[in-house]
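Here is the structure we will look at, set down as structure tokens.
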């Protein structure tokens, strides 16, 4: 009985320490999420303005027919490049698993089309290696919490170059889209070729200096580069939110286990006390009978 009580007491102490760790991780993720939300809000006006400018350029379909920019030209798809954005670390609930499931679903639906995958994040790279999938860039591309635009530039340029050279005919990004702290949705976004934008609701007069084709040649790579960076920021916010929720649930579960073990310990302790009292009373009865 004493050994059993000691075991339960050790489990209580260990579970309490676990709860302290998960609570600290929850607070850290909450702090990182606030910073990620701030980065997204600061970045959204820039990408929205680029989209608006491109949309105005695309309104004139007659002039657009004369533009021979390959980033705008859809072509028969024989091979697709998937950019799969995951995390570098675990303990983030279903954040990575949902992306991997979507990736496997996409590959099953490809049919006779070929594919290649560019994994962003250590977990994404490990998944591709474990499943023996075709990797476009056979290097681990880490996605740090404070990742900057310049760190993604080499990979983005490689993607654009690969598309222009015909290594693949389309580029799609699979990632977790951040809605709020409770909802993160796996989303697929087409990066290349660039599809037509809807006509802007608010008419804005722009004056463009230079040849239309040169303007597209300058602005389209900028758009692709910043769009992918924005998706990475979106994914990071989803990662922090998912980890924050996972750690909150882990903390709550640990505290529930502590309550159950405490109840079990108290019962065992009460049982031990009852047995001791029974022995004392029994011994006293024997003495009195003599």
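What the Cα convex hull of the stretch 133-175 gives, in volume per residue, is 101 Å³.
Mean residue ellipticity, 222 nm, helices only, the chain: the sum of -39500 (n - 2.57) across DSSP H runs of n ≥ 4, divided by residue count and rounded to 500, is -22500 deg cm²/dmol.
Relative to the dominant Cα principal axis of the chain, helix 212-289 is inclined by about 10°.
Once a ≥ b ≥ c are taken as the square roots of the eigenvalues of the Cα gyration tensor of the stretch 87-164, is the result rounded (a/c under 1.5), prolate (a/b larger than b/c) or oblate (a/b not larger than b/c)? Could the numbers behind the result be given before it?
Working: a/c = 2.06, a/b = 1.07, b/c = 1.93.
Oblate, since a/c reaches 1.5 and b/c is not below a/b.
For the chain, the relative contact order comes to 33 percent (Cα pairs under 8 Å, sequence separation of at least 6). Dividing the mean sequence gap of close Cα pairs (under 8 Å, 6+ apart) by how many residues the stretch 29-174 holds gives a relative contact order of 30 percent.
Which values, in whole Å and largest first, are the semi-axes of the equivalent ellipsoid of the chain obtained as the square root of 5 times each eigenvalue of the Cα gyration tensor? Spell out each step's value before the answer.
Working: eigenvalues 729, 84, 37 Å².
Equivalent-ellipsoid dimensions as semi-axes: 60, 20, 14 Å.
Residue-normalised convex hull volume from the C-alpha trace of the stretch 4-50: 47 Å³ per residue.
Pairs of Cα atoms in the stretch 117-262 fall into 5 Å distance bins, from 0 up to the last occupied one, in shares of 2, 7, 12, 16, 17, 13, 10, 8, 5, 3, 2, 1, 1, 0, 0, 0 percent. Set against the 2.2 N^0.38 Å expectation for a compact globular protein, the stretch 1-136 has a Cα radius of gyration ratio of 1.70. From the largest down, the stretch 56-196 spans 52, 35, 28 angstrom on the principal axes of its Cα atoms.
Read-outs throughout are calculated quantities, based only on the coordinates presented, and are distinct from any laboratory measurement. What you see is a predicted model; the values in this text were computed from it and never measured.
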